[in-house]
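Here the structure comes first, spelled out in structure tokens, and everything after it is commentary.
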Amino acid sequence: MTSQHFLTTERKKTRLYLICTLTLTVMSLDITMVMLMCVHQAVVYNEELTAFTSRVTTNKLPYAVIRSKRYDNSSWDIDKSHVGPVVNPYQFKYVLEPRNVCDEGHLLVVYVHSDVRNFDRRAVIRKTWGNTSIYTDIQMKLFFFVAMSQRGEDDDVLRAEARENDDIIQLGFIEHYHNMTYKAIGALKWLVTRCKTVTYLLKTDDDTFVNTFALFKHIEALSEDHLYVSGLLVCCRGHLKLVYRYGKWAVNRTEYPDDYYPHYCSGIAYILTADVARAIYRTSAHVPYFWIDDVYVTGMIPEAIRLRQIDMRGAYIRDVGKIDELFAGNEWYKFAFCHVPDLHHFERLWNIVRSKALLERIPDIEVVVPGRLANNYTYRYRADLPYYYVPPLTEMINY
């Protein structure tokens, strides 16, 4: 080996050594910077948590603090809710309408999706939780939305029912589960044009039992001092659900190409503020039609206008075997909605809940949060009781 060749080899070794040393130094600096950033974020988070805890203990959470990420719908704007061109030029015909609609004194409108043939279900609702004459603390209006029957005699009976009760709106298309979205959008259109002064709307089905005493307590708390009077869609918010390709609810890829639906609400019941109802109706003309109404109205459209649903799953009883036990127990006021298809069971539940309301006072909640009916819930999330979970307040704030 010549001396020149030896020097060249040594230079290469030296250069390689310097490159390796420099690389390790840079990596060490990067790791140090990352560690410093983590420490900084931990300190900032601890300061924010300490400040938040001090505010909670004073029981005087300001509106801006309560809303946080879980409730902050400030990113959506009703004036920007039109997304894309008009794809659904809805033209609704209302065959039957009530003579008396909404007054300025009505704080809440309850609108029930009902099958035109379900005369008995509507009658039971009017006798029980839908009997507006028994409520003195809150002004409520009740409406039923139905479509047209394939049999003419059902429509004849319906007209007589409408004349007697003055609470039915019939839309001019045939009753069918593939037309449920038409009913949902048609109902919203009618409500936002005929009930312009109402603050809150509650959508239910005709087999939904509503603990109106607990619900009204919550609505009054939300409306006090105009705390929560806009930007709300409160419901039992589902997780991402797989799109069924087989069965009654089968959806082909032409109708919905994705494998999962967006987050959407259980259709058993959900609460909207009037501005959200207007935005959903107006945006429906711009979001391609989808026939499963819960997915479309509470999932696809809110996603289009960046409106986040507020979860209140703790107020829903989904275990049929627990319904009587929970409404007869000491925590009856913590539950507002359940599915009760049996009419006798429906009336029995109403007698239980009304007796409770007459004898017991519903406790005031310490911090008013949309979707939270009470301070604490006995039932927590477990694999066998997935529907009773209510996140702790700190978890809800720091979502």
Counting only DSSP loop positions in segment 251-347, the trypsin sites (Lys or Arg not before Pro) whose Cβ has at most 14 other Cβ atoms within 10 Å are 253, 306
Dimensions of segment 180-276 along principal axes (Cα, Å, largest first)?
47, 27, 26
Other residues with Cβ under 14 Å from the Cβ of residue 342 give, with Lys and Arg +1 and Asp and Glu -1, a net charge of -3
Where does segment 69-397 land on the Kirkwood hydrodynamic radius, alpha-carbon pairs, in angstrom?
20.4
Positive minus negative residues near residue 253 (Lys, Arg vs Asp, Glu; Cβ under 12 Å)
-2
For a 32 Å ceiling on Cα separation, which of these pairs sit above it: 93/141; 127/322; 189/241; 93/248; 203/248; 183/356?
183/356
Once the Cβ-Cβ distance between residue 131 and residue 345 is put in as r, and R0 is 30 Å, what FRET efficiency do you end up with, to the nearest 0.05?
0.95
How many nm is it between the label spots at residue 352 and residue 153, if each spot is 7 Å from the Cα in line with the beta carbon?
3.7
Return the distance in nm (one decimal) between the two label points of a simple spin-label model at residue 259 and residue 205, each offset 7 Å from Cα along Cα→Cβ.
2.8
Could you work out how far apart the two model spin labels at residue 226 and residue 120 are, taking each label as a point 7 Å from the Cα in the direction of the beta carbon, and quote it in nm?
4.8
Want the number for residue 87 to residue 160: 0.36 nm per residue separation, take away the alpha-carbon distance, what's left?
22.6 nm
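Since every read-out is calculated from the coordinates, none of them should be taken as a lab result. Since we're looking at a predicted model, the values are computed, not measured. Every residue, glycine as well, gets a Cβ built from its backbone with ideal geometry; the counts of neighbours run over all protein chains shown.
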